[in-house]
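In what follows, a single structure is set out as structure tokens and then discussed.
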Amino acid sequence: MTAQETTENAAPSPEPDLNATPVGRTVRSVRHGGSVRPRPRPRPDPHPPTSPVPLLHDTELAVLRDIVDGRFNATTSFDYLFRDLRGRFPAAHLPVVDEGSPPEGPVSTERVAAMVAALKKLGAAMVEPAGPPDPDLDSTVPAVYTYWGQFIDHDITLNTNGPDNPPAAEDPPRAGDLVLGDIVTDPFTVFPPETVVASLHNGRHPFLNLDSLYGSGPRFPGEPGRRTTRSEAAYASDDPAKLALGRVATDAVPGFDLVAPGDDAQRDLPRFTVEEVDALTVDPAERPVPGAAKIPDGRNDENLVVAQFHLGHIRFHNAVVDRVREIEPWLTVDDRAVFDRAQQLVRWHYQWLVVHDYVRTLTKPGVLDEVLVEPSLLFRPRRPVAMPLEFAVAAFRFGHSMVRNGYDFNLNFGRDDQPPTPPKAAFASLVQLFEFTGGGSINPDGFGDALPSNWPIDWSRFVDKGDPDRRRSATKIDPFLASGLSTMLKEGNDAGLDPGVKALLKQLAQRNLLRGYWLSLPTGEAVAQALHVTPLTDEQLTRDASQDVKDALAELGGTPLWYYVLKEAEVQGNGNFLGDVGSRILCETFVYLLKKDEDSYVNHGWTPADGVREDGGKMITTITDLLRFAGVLSRDDGTFRQVAGRPAGHDGDA
């Protein structure tokens with residue numbers, strides 16, 4: 001068997017072709033919110049374990065076959081949560097024609113052009129004014145929840161459609177989402193729901209199974225495909241039951257302090273070093289960039305907070321491996337059995353926390369409890385596994401409004417009443433959080449290919465619901481995004497882009513609004529009526545809004561679902577949790593995914609009482625507990641958890 005035949009999705013047993021399934025997929029060189037467009041003729045990978053391409057050759061071919069043939073084997077589907085509204089297009093949606101029925105198929109009319117102009121106007125007005133932070137915009141939700149949502153998103157969605165690539169004039173149209181287009185296509189085209197469902201592909205298997213952490217898993221000695229898969233780069237060399245970690249220096253950077261515990265070097269993602277890259281014998285174009293993360297989903301190195309959150313889960317897995325070997329010693333004769341048991345426990349803890357900590361914190365009280373016991377959920381997709389579009393394209397994007405322009409990241413950042421001494425600053429800016437990652441050259445100050453010792457996160461500043469300093473919280477959920485998201489650092493930078501397209505790709509609010517229109521999402525009012533809740537009034541939708549917002553909403557003749565969800569949270573939850581519509585979409589989606597997954601904690605009757613516990617016996621029932629067990633968050637006495645005299649969660653490598 002050749003190395004290429006055992007690429008990223010090979011299994012310990014050689015029989016299944018896991019390239020034809022999205023389970024366990026590795027993804028590199030893709031940005032958050034980006035998409036993967038399979039190449040018509042992908043080239044074989046000369047060295048799969050280090051290949052920087054988004055999808056490896058065999059997987060890319062399988063995805064391309066799905067797209068061209070209209071199948072969903074190597075991909076999963078999207079569908080509409082509200083089937084009745086899908087059938088009422090465009091009556092329950094933003095207008096696409098001035099009057100009468102729209103033409104069959106894609107729609108590109110003067111009315112569509114007018115809607116696009118109004119959506120751009122609305123998006124441009126959905127940005128906080130630049131200036132000092134406004135304390136009235138601080139929520140009661142700790143900042144970790146913003147980036148936890150991003151981590152979840154990468155685990156369940158990967159858009160595989162790309163810019164419009166129609167066939168030549170003499171060729172017949174080709175099925176699949178390469179014809180579906182994108183929001184930068186000129187003229188802008190709205191696609192009816194039937195086309196969207198048939199054409200849009202999800203490159204992820206949307207169960208909460210932590211594919212972004214595990215990929216296709218490790219390969220142990222004697223197993224097929226060992227040292228040929230891309231996922232293996234994420235695992236420790238000496239103990240492949242554990243995930244690998246990167247190293248930071250334990251010496252202070254001049255002018256800065258070490259972040260506690262200063263002697264713990266394993267506080268970065270595993271990364272390709274300059275020496276590793278230089279030693280490769282493949283063409284330079286086929287090599288990873290020094291500092292690039294070795295994790296199964298490169299999007300989790302998009303910014304430093306989500307990268308450190310991913311790191312926390314690596315450490316949690318490793319700590320669970322140690323605990324499994326301690327309390328289930330009969331498994332220790334087989335490293336595969338140890339890994340499988342640890343992975344199962346980590347997944348179940350993660351799934352339980354997503355529901356009972358993340359979702360419960362961010363949704364309206366009572367909604368989750370109702371959906372958990374509801375015998376008949378709303379989502380009834382055509383295919384066995386699907387992702388609701390109302391969730392992926394609108395409701396779950398509420399987290400964008402929770403992003404701050406700066407964070408009290410660790411002790412190297414000060415407060416207004418304690419002015420920092422240069423080179424320290426009051427807050428870590430969004431620009432810095434994007435720069436100190438693999439995609440941002442990891443170390444813009446020139447200290448090498450590893451994270452500097454002054455940049456590990458201090459989680460105590462991100463997770464405390466009782467912290468009196470609300471500048472450590474997320475901003476309120478409302479129709480305003482941090483000004484830093486109006487000029488996104490890593491977007492719209494491709495050479496040759498039209499200036500107008502470049503500006504659009506850098507403006508997140510406009511992108512979200514146009515994507516919802518392009519994919520024919522129903523309006524917020526239509527969804528509220530479908531849920532039998534009272535829609536927001538015009539006064540509520542425009543309360544405290546600028547004249548541009550009022551004018552844009554009047555021109556649209558309905559409210560984009562994303563804007564509606566944000567405004568509803570402001571009106572019904574004071575920006576601290578989602579309202580009726582947003583809460584129901586989130587709860588329905590997550591409960592559907594867990595009930596659909598035969599291996600989820602829901603279908604095994606598992607609770608944290610059956611999982612690992614902190615050293616004093618406390619169950620892991622919050623994200624704070626998980627990070628403490630992983631050894632990356634201090635306990636109440638200021639110490640960090642250790643195992644056998646070493647920091648918890650270490651990978652065992654020298």
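Below are the figures for this structure:
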read-out: Qualifying residue in region 54-61 (condition: of a type in the set (A, V, I, L, M, F, W, C), at pLDDT below 90 and surrounded by fewer than 22 Cβ atoms within 10 Å (Cβ to Cβ)); value: yes
read-out: Given (1) open to solvent by 30 Å² or more (accessible area, probe 1.4 Å); (2) within 24 Å of Ser199 (Cα to Cα); (3) out of contact with any helix residue (DSSP H, G or I) (no Cβ under 7 Å at 6 or more places or on another chain), number of the condition Gly100 does not satisfy; value: (2)
read-out: Criterion: over 16 Å from Thr157 (Cα atoms) and assigned to a loop (DSSP other than H, G, I, E, B) - qualifying residue of Arg43, Arg37; value: Arg43
read-out: Test: residue in region 485-492 that is assigned to a helix (DSSP H, G or I) and at pLDDT 90 or above; value: no
read-out: Pairs, first at negative phi and among the hydroxyl-bearing types (Ser, Thr, Tyr) in region 42-56, second crowded, with 20+ Cβ neighbours inside 10 Å and not in a loop (DSSP other than H, G, I, E, B), C-beta under 8 Å, six or more apart; value: Thr50/Ala233
read-out: Residue pairs meeting the criteria (Cβ under 7 Å; at least 6 apart or on separate chains; first over 20 Å from Arg461 (Cα atoms), in region 628-653; second open to solvent by 40 Å² or more (accessible area, probe 1.4 Å) and not in a loop (DSSP other than H, G, I, E, B)); value: Ala648/Gln642
read-out: Options Arg325, Arg267, Arg287: the member that is within 25 Å of Ser35 (Cα to Cα) and touching a helix residue (DSSP H, G or I) at 6+ places or on another chain (Cβ under 8 Å); value: Arg287
read-out: Selection count where residues are open to solvent by 10 Å² or more (accessible area, probe 1.4 Å) and either of a type in the set (D, E, K, R) or touching a Phe, Trp or Tyr at 6+ places or on another chain (Cβ under 6 Å) (or both), scope region 200-223; value: 1
read-out: Failed condition for Met619, given (1) out of contact with any Pro (no Cβ under 6 Å at 6 or more places or on another chain); (2) free of Cβ contacts under 8 Å to residues at least 24 places away in the same chain; value: (1)
read-out: Count of residues meeting criterion [closer than 20 Å to Gln343 by Cβ and either among the aromatic types (Phe, Trp, Tyr) or in contact with an Asp or Glu (Cβ under 6 Å, 6 or more places away or on another chain) (or both)] in region 240-268; value: 4
read-out: Residue check for Arg287: open to solvent by 30 Å² or more (accessible area, probe 1.4 Å) and either modelled with pLDDT of 95 or more or of a type in the set (Lys, Arg) (or both); value: yes
read-out: Some residue of region 452-461 being over 21 Å from Glu302 (Cβ atoms), surrounded by fewer than 24 Cβ atoms within 10 Å (Cβ to Cβ) and at pLDDT 95 or above; value: yes
read-out: Matching residues, region 251-284, being among the hydrophobic types (A, V, I, L, M, F, W, C), closer than 27 Å to Arg635 by Cα and either modelled with pLDDT of 95 or more or open to solvent by 30 Å² or more (accessible area, probe 1.4 Å) (or both); value: Ala252, Phe256, Leu258, Val259, Ala260, Ala265, Leu269
read-out: Test set (1) touching a residue at least 24 places away in the same chain (Cβ under 8 Å); (2) open to solvent by 30 Å² or more (accessible area, probe 1.4 Å); (3) not hydrophobic (A, V, I, L, M, F, W, C) - Arg65 fails condition number; value: (1)
read-out: Where Thr624 falls short, out of the listed (1) in contact with a helix residue (DSSP H, G or I) (Cβ under 6 Å, 6 or more places away or on another chain); (2) among the β-branched types (Val, Ile, Thr); (3) part of a helix (DSSP H, G or I); value: (1)
read-out: Odd one out for Ile585 among (1) surrounded by fewer than 20 Cβ atoms within 10 Å (Cβ to Cβ); (2) in a helix (DSSP H, G or I); value: (1)
read-out: Selection status of Ala554, hydrophobic (A, V, I, L, M, F, W, C), open to solvent by 10 Å² or more (accessible area, probe 1.4 Å) and in contact (Cβ under 8 Å) with a residue 12 or more places away in the chain; value: no
read-out: Identity of the residue in region 557-582, of a type in the set (Gly, Ala, Ser) and surrounded by fewer than 19 Cβ atoms within 10 Å (Cβ to Cβ), that ends up nearest to the chain's Cα centre (by Cα); value: Gly558
read-out: When residues of region 293-322 are limited to those that are hydrophobic (A, V, I, L, M, F, W, C) and over 17 Å from the mean Cα position of the chain (by Cα), the one surrounded by the most Cβ atoms within 10 Å (Cβ to Cβ); value: Phe316
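The values are calculated or read from the model by the stated rules, or taken from the named source; none is laboratory data. Quick caveat, the model's predicted, so the values are computed rather than measured. For neighbour counting, all protein chains shown are included, and Cβ atoms are generated from backbone atoms with ideal geometry for every residue, glycine included. Calculation scope for accessible area: heavy atoms of the full protein, side chains included, ligands and nucleic acids excluded. Shrake-Rupley method; radii C 1.70, N 1.55, O 1.52, S 1.80 Å.
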